[in-house]
Amino acid sequence: MKLVLIGIQGSGKSTQGNLLSKKLNIPYLSTGHIFRELAKEKTQNGRYIKETINAGFLIPDHRTLEIVEEYLAKPQYQNGYILDGFPRTLRQAEEFKDGVDRAIFLDVSDKEALWRLSDREQEREDETLQAIRKRIDVFHEHTKPVLEYYKERGKLMYVNGEQTIEKITKEILERLN
Ligand code: AMP
């Protein structure tokens, strides 16, 4: 099964992604994690990625597509995956070759997400309030059209992300069956 998780930062994508991965026995992959690893490289490319993610901007589509498709070509992803953080733009959705069975949208209001994030220890360099606000704006501008894209294809699963973690996992599992 090929699943993608869509939602603003603080919507619970990585929490649900990891839980679903265990329950469904499908590997979980986060593009944010991949980019944070690449940002550690002391190369021009590494520095460029670091600056981009710390500002809350998106990595250009062609590079993102190239990196994601390279990862998904690995043997462990051949029977499916749970992608967190991709596709994030209409172009990424349109050009993504590997395919998606269901797109799960975890809907959480901006206010609730900011509240949850302000409660969390800042562990990452890209989690300054300014970068988080920027990412939420980027979501509304670039990722909302991705929801429409999957909706039109009958693949969108809308989930109220403001329920308990357990309830959300249960609901998704029920609706996938
Ligand atoms: P995340 O952990 O998903 O919030 O991702 C952290 C950062 O990585 C984002 O703010 C972007 O700079 C970059 N990133 C992650 N996924 C994508 C994507 N699909 N397209 C472009 N940039 C991305």
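Computed from the coordinates by the stated procedures, all read-outs in this text should not be read as laboratory data. Quick caveat: nothing in here was measured; it's all calculated off a predicted structure. Here the Cβ positions follow ideal geometry from the backbone for every residue, glycine too, while neighbour counts run over all protein chains shown.
Values computed for the structure shown
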{"quantity": "Label-reachable residues, the stretch 9-35, where backbone N falls under 15 Å from a point 7 Å from ARG116's Cα toward its Cβ", "calculated": "9-20"}
{"quantity": "FRET E, pair GLU37, GLU69, Förster distance 22 Å, beta-carbon r, rounded to 0.05", "calculated": "0.85"}
{"quantity": "Surface/4 estimate of mean projected area, convex hull on alpha-carbon atoms of the chain, nm²", "calculated": "9.8 nm²"}
{"quantity": "Packing-based order for 146-155, 2-11, using average beta carbon neighbours within 10 Å, highest first", "calculated": "2-11, 146-155"}
{"quantity": "Kirkwood-based shape ratio for the stretch 27-97, expressed as Rg/Rh from alpha carbons", "calculated": "0.96"}
{"quantity": "Ordering of 71-80, 52-61 by burial proxy (mean other Cβ atoms within 10 Å per residue, highest first)", "calculated": "52-61, 71-80"}
{"quantity": "Dipole-positive endmost among ILE172, GLN76, ASN18 within the chain (Cβ charges, Cα centre)", "calculated": "GLN76"}
{"quantity": "Loop-located GluC sites (Glu not before Pro) in the stretch 78-141 whose Cβ has at most 10 other Cβ within 10 Å (DSSP)", "calculated": "GLU121, GLU123"}
{"quantity": "For the stretch 86-177, convex hull volume per residue from C-alpha positions, Å³", "calculated": "123 Å³"}
{"quantity": "Sites HIS62 and ASN160 - FRET efficiency at Förster radius 30 Å, r taken between beta-carbons, to 0.05", "calculated": "0.30"}
{"quantity": "Extension gain (nm, one decimal) between LYS22 and ARG153, 0.36 nm per residue minus Cα-Cα", "calculated": "44.4 nm"}
{"quantity": "Proximal charge balance of ILE168 [Cβ under 15 Å; K/R count +1, D/E count -1]", "calculated": "+1"}
{"quantity": "Cleavage-rule hits (GluC sites (Glu not before Pro)) in the stretch 1-91: DSSP loop, at most 16 neighbouring Cβ within 10 angstrom", "calculated": "GLU41"}
{"quantity": "Relative contact order, percent, the chain [alpha-carbon distance under 8 Å, six or more residues apart]", "calculated": "35 percent"}
{"quantity": "Trypsin sites (Lys or Arg not before Pro) restricted to the stretch 39-146 and DSSP loop, no more than 10 other C-beta within 10 Å", "calculated": "LYS40, LYS42, LYS97, ARG120"}
